[in-house]
Amino acid sequence: MRKPPKVFRCPSCDMISVTVSIEDDEVVISCSNCGLTSRLEKMKNYESVHYYNVFVDKYYSGELGVKGEGVEGGEVSQ
């Protein structure tokens, strides 16, 4: 079985530069290229790829955006 990646593709800038940092009580997902960032509550049985998928879903639903950039119908700050 293949291991999940450690660095993911950013939905905003399309660079492979998104990392997932799992801390004690929260998870920080951020792009080192464009600065797109999200903080999520730590979930039981979730791995990096699961948090990344939530991050991408939030971006495409308009809940998340890079500061200074319009997101489908309005500007969204983190």
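None of the figures in this text is laboratory data; all of them are computed from the coordinates on show. Computed from a predicted model, the values in this text were never measured in an experiment. Backbone-built Cβ (ideal geometry, glycine too); neighbour counts: all protein chains shown.
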Cα centroid separation, the stretch 3-21 to the stretch 32-46 (Å): 11
Cβ density ranking, 10 Å radius, fewest first, applied to Ile29, Ile16 yields Ile16, Ile29
Dipole axis of the stretch 7-63 (+1 Lys, Arg; -1 Asp, Glu on Cβ), positive-most option in His50, Met15, Ser32: Met15
Rounded to whole Hz, the Karplus (6.51, -1.76, 1.60) HN-Hα couplings of the stretch 2-11, x for glycine and proline: 7, 7, x, x, 9, 10, 10, 7, 7, x
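Summing Lys, Arg as +1 and Asp, Glu as -1, what charge do residues with Cβ under 9 Å from the Cβ of Ser38 carry, Ser38 excluded? Present the calculation step by step, with values, prior to reporting the outcome.
On the way: positive: Arg39, Lys58; negative: Glu63.
It works out to a net charge of +1.
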Return, for the Cα atoms of the stretch 7-63, the radius of gyration and Dmax in Å, separated by a comma. 10.5, 30
